[in-house]
1. Any chance region 63-70 includes a residue that's farther than 22 Å from residue 169 by Cβ, touching a strand residue (DSSP E or B) at 6+ places or on another chain (Cβ under 7 Å) and modelled with pLDDT of 95 or more?
2. Which pairs do you get when a residue that is on the phi > 0 side of the Ramachandran plot and at pLDDT 95 or above, found in region 177-197, comes within reach of a residue that is crowded, with 21+ Cβ neighbours inside 10 Å and part of a strand (DSSP E or B), reach meaning Cβ atoms under 9 angstrom, with the pair 6+ apart or on two chains?
3. Could you tell me whether any residue of region 229-243 is closer than 22 Å to residue 131 by Cβ, under 17 Å from the mean Cα position of the chain (by Cα) and modelled with pLDDT of 95 or more?
4. Would it be correct to say that residue 115 is closer than 24 Å to residue 176 by Cβ, at pLDDT 95 or above and in a strand (DSSP E or B)?
5. So which of 33, 65 is farther than 24 Å from residue 156 by Cβ and surrounded by fewer than 18 Cβ atoms within 10 Å (Cβ to Cβ)?
């Protein structure tokens, strides 16, 4: 279902927003740019009426029958018309000028198919510690990457059949780690992924990655590391635990975390 006739032809960039029907009114769209299409995937009550400010000729609003953010992200990968897809949520504002710097990097580095960067919080501070220099991503240093600080060369991911694991992410039992699994799946397929010290967006929301102290998050983290590292996961879990021991508030949570948990 679309708001009105779509008028962006051959866009370079797709900005893909994943949202829920009770939240998409808060999306703050960037100014219209003929090189950019906006793709909004709305999950939840598909009988709601599209907010007027989203009825733009550069914007496609799709009401999805699915639930879970990774299903929405995969919809973006399959339906983006742009060469490059930037993943967004309903509570972000893009650093628009930086989008084109990222696109230029893609164009000048044909072997790079995923770029990650930085996000700011509502007060203008970085949401976490970021490296000051560019670096290749690997199975270890990509663990803290957030989806809203990633962009991909869409066609390469379609050809490689690398998609988000729908057993992880918000809306599923294993509610975190989906972006980490996405990156590591790409790396295992030989896709080069690069971090750049560049701001992607300002993100007002709270990251699921900072949530600690419950059985649910201990199980989810354990499941993520089991999914990424498979047979060597226990060694990685021990190393992770030693580094973050203060965040595990009970011995029972440590025991839960160290169990090998596979996704359902």
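The values are calculated or read from the model by the stated rules, or taken from the named source; none is laboratory data. Computed from a predicted model, the values in this text were never measured in an experiment. Counting neighbours? That spans all protein chains shown, and the Cβs are built from the backbone with ideal geometry, glycine included.
1. Scanning region 63-70 turns up no residue that is farther than 22 Å from residue 169 by Cβ, touching a strand residue (DSSP E or B) at 6+ places or on another chain (Cβ under 7 Å) and modelled with pLDDT of 95 or more.
2. That search, which allows pairs on different chains as well, returns 177/168.
3. No: region 229-243 contains no residue that is closer than 22 Å to residue 131 by Cβ, under 17 Å from the mean Cα position of the chain (by Cα) and modelled with pLDDT of 95 or more.
4. Judged against the criteria, residue 115 is a match.
5. 65
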